[in-house]
1. Would you confirm whether any residue within the stretch 230-247 is among the charged types (D, E, K, R), under 26 Å from LEU37 (Cβ atoms) and surrounded by fewer than 22 Cβ atoms within 10 Å (Cβ to Cβ)?
2. Taking the stretch 255-276, which residues are of a type in the set (A, V, I, L, M, F, W, C) and either touching an Asp or Glu at 6+ places or on another chain (Cβ under 7 Å) or in a helix (DSSP H, G or I) (or both)?
3. Answer yes or no as to whether LEU97 is hydrophobic (A, V, I, L, M, F, W, C) and under 25 Å from GLU26 (Cβ atoms).
4. For the stretch 161-188, name all the residues that are among the polar types (S, T, N, Q) and surrounded by 15 or more Cβ atoms within 10 Å (Cβ to Cβ).
5. Scan the stretch 154-171 and give yes if some residue there is at pLDDT 95 or above and more than 22 Å from PHE247 (Cα to Cα), otherwise no.
6. Among the residues of the stretch 277-289, are any in a strand (DSSP E or B), polar (S, T, N, Q), at pLDDT 95 or above and under 30 Å from ILE144 (Cβ atoms)?
7. Looking at ASN101 and the list (1) more than 25 Å from ALA200 (Cβ to Cβ); (2) in contact with an Asp or Glu (Cβ under 7 Å, 6 or more places away or on another chain); (3) modelled with pLDDT under 95, which single condition is not satisfied?
Amino acid sequence: MRLVRLSIAVMLGFAVGFSASASSAETWPHRTVRVILPNPGGVAIDVIARLFTDRLSQRWGNAIIVENIPGADGTLAAREFVTRRDNHTLLYSFPGLITINPLSYNKLPYDPTRDLMPIASTSDNFLAIAVSANLKISTLRELIEVARTRPVQLNWAATPGLPHFAFAGLQKRAGLDFVHVPYRDFNQALVDLAEGRIDAAASGLAPMLPHANSGKMKLVAFINPERTAVAPTVPTLVELGYAEFSFRAVTGFFGWRDMPAQLRERIAADIRDIASDPVVKERLSKMGSAALGSTPVGFTEMIEDQRLKVVAIDRLLKSR
């Protein structure tokens, strides 16, 4: 009898809690929402974040303030997000906080599996491999052939995260010996690539496009699994036989630890509606991105797929 009473009490408590959680999810937000971003202002991810937050603010009837906290591969922003313990603060980020940082740092100021709850993806941001026009080549195959005949003579650069992993893994598998050139400001890397001071680079498509359109650099491959209408003739790594180094460079919204599932679903539904807006799609396309929108489960699956690929590349790079 005592067990039955206990079960009934637990069920009643769960029902009350579920009802309160559902009610809270329907009425949230109750005040200004803050969105932390691990990138500086003005870059593509910042522009996309503000595009979505502007429309979410209109839907929710509350102001949304975007806070840029760049540095340390996103760990500074993640630490600030977790430290606040505020149910009106969201995180907008690339999944590298979950997929890459655990491999790069011995200790993190957050728990990647518990503190960052995927809500919904917003975009797939195109990444590309480009070569200097001075090399006078047009394809990735030609780049590989030239690099094999000139070991330790060609140099390369990449933005941290997926571009670096993809191009480093490609070099390892193809048996190439490029010299890596690090940059604090990657805009300078693209200038150097356009002027022929470095030979190859992997980065986001948007900042590469002006140089590619001017003929100073040549796009030879997309790291993403699909082509983009912005540069429809450029093949993907999947098409070229290097699928293991292909990534969807998704970005999206994350919620706090133990965020109610009903609230995650509601916010995700709003994001999907915004992502389906033709105006939003067009703006992202011109930036070299594709609008996505997903469920929390869908975003979680994208992140896990990315994590498994990154782990496999990390093992490859550490192998002899």
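The values are calculated or read from the model by the stated rules, or taken from the named source; none is laboratory data. What you see is a predicted model; the values in this text were computed from it and never measured. Note: ideal-geometry Cβ built from the backbone for every residue, glycine included; neighbour counts use all protein chains shown.
1. No: zero hits.
2. Result: ALA261, LEU263, ILE267, ALA268, ALA269, ILE271, ILE274, ALA275.
3. No.
4. GLN171
5. Yes: one or more hits.
6. Within the stretch 277-289 (the criterion being in a strand (DSSP E or B), polar (S, T, N, Q), at pLDDT 95 or above and under 30 Å from ILE144 (Cβ atoms)), the answer is no, since none of the residues qualifies.
7. (3)
For (1) of a type in the set (A, V, I, L, M); (2) part of a helix (DSSP H, G or I), each residue gets a yes or a no:
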{"site": "THR113", "(1), (2)": "no, no"}
{"site": "ILE119", "(1), (2)": "yes, no"}
{"site": "VAL131", "(1), (2)": "yes, no"}
{"site": "SER138", "(1), (2)": "no, no"}
{"site": "VAL146", "(1), (2)": "yes, yes"}
